[in-house]
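**Student:** Please find one structure pasted underneath; my questions will follow.
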Amino acid sequence: MSAVRAPLLVVFDCDGVLVDSEPIASRVLAEALSEIGFPLTAQQAIDRYTGISLGAVLARVEAEWGRQLPAGFAARLGERDQAAFAAELQPVSGAAAMLASLGLPRCVASSGTIAKIRGNLSLTGLLPYLEPHLFSATMVARGKPAPDLFLHAAAMMAVPPAECVVIEDSIAGVQAARAAGMRVFGFYGGGHARPESAAALQAAGATRVFDRLRDLPGLLGRQAPAGG
């Protein structure tokens, strides 16, 4: 391939890209909802809600169920998530080595709260590679699949959107990155990925797809230049 250059900024999603939290969070959500009469499996939770904020998830649940969730449900769910993460959460395979060797400016732009992002990165030993550049959907008016979060991250990092590459595992995230005018790599190496995940990410607009984080530094150095 002829003249290529690396991006000026790599924007990472957190859950499912850096930390392998999606199987845990989806299981906890399915258990909590099933207990109150909204039957849901962990796989259904992954299929329906991956990549969007908790507020958006719960609003969607209420619309699907046709009733409001009990008072305090979100807070209790958060406590159950924290306990499960503390006991089980691991980094996605190869995350630390990839971040250590990346050699490019990077940040995190996640649908989770800052407390959740920081907590999960700390639990998995990845926080030193990424702080203080952590951005949450709570900082913008609209979460993924709207472009607001990625545009905010780029503005705060003083990098034009066209010079960013986003690393995403969800359809909503890929759509948000494309809407922001950014290239996006679809990652399907997390514990929640399915055989059809690569094709789904490509169909949503991912520039390329990959399933091993250790490959990312090389992929970033071999991509087409901005505007290509």
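All of the numbers you see were taken from the coordinates with simple rules; none came from a lab. On a predicted model such as this, the values are computed, not experimentally measured, just so you know. Here the Cβ is made from the backbone with ideal geometry for all residues, glycine too, and neighbour counts use every protein chain on show.
**Student:** Between R142 and A158, how many nm apart are label points set 7 Å from Cα along the C-beta direction?
**Tutor:** The modelled label-to-label distance comes out at 2.9 nm.
**Student:** Between R67 and T41, what is the label-point separation in nm under the 7 Å Cα-to-beta-carbon projection?
**Tutor:** The two pseudo-label positions are separated by 2.4 nm.
**Student:** Rounded to the nearest 500 deg cm²/dmol, what is the calculated helix-only ellipticity per residue at 222 nm for the chain, with -39500 (n - 2.57) per DSSP H run of length n ≥ 4?
**Tutor:** After summing the helix terms and dividing by the residues of the chain, the value is -12500 deg cm²/dmol.
**Student:** Which order do peptides 167-176, 94-103 fall in by mean Cβ count within 10 Å, highest first?
**Tutor:** Working: 167-176: 26.2, 94-103: 15.9.
Ranked by mean Cβ neighbours within 10 Å, highest first: 167-176, 94-103.
**Student:** Could you please report the charge total around R80, scoring K, R as +1 and D, E as -1 over all other residues with beta-carbon less than 11 angstrom from its beta-carbon?
**Tutor:** Here the count lands on -2.
**Student:** So what are the ³J(HN,Hα) numbers for region 163-170, from phi and the Karplus equation (6.51, -1.76, 1.60; θ = phi - 60°), rounded to whole Hz, Gly and Pro as x?
**Tutor:** 9, 9, 10, 9, 10, 9, 10, 10
**Student:** With θ taken as phi - 60° and the coefficients 6.51, -1.76 and 1.60, list the Karplus ³J(HN,Hα) couplings across region 105-121 in order, rounded to whole Hz; mark glycine and proline as x.
**Tutor:** Those phi angles translate into x, 8, 8, 10, 10, 10, 6, x, 6, 4, 4, 5, 4, 4, x, 5, 5 Hz.
**Student:** What is the set of long-range amide H partners of V209 at a cut-off below 5 Å, with H atoms built 1.01 Å from backbone N?
**Tutor:** Here the answer is G186, since their amide H atoms fall under 5 Å of that of V209.
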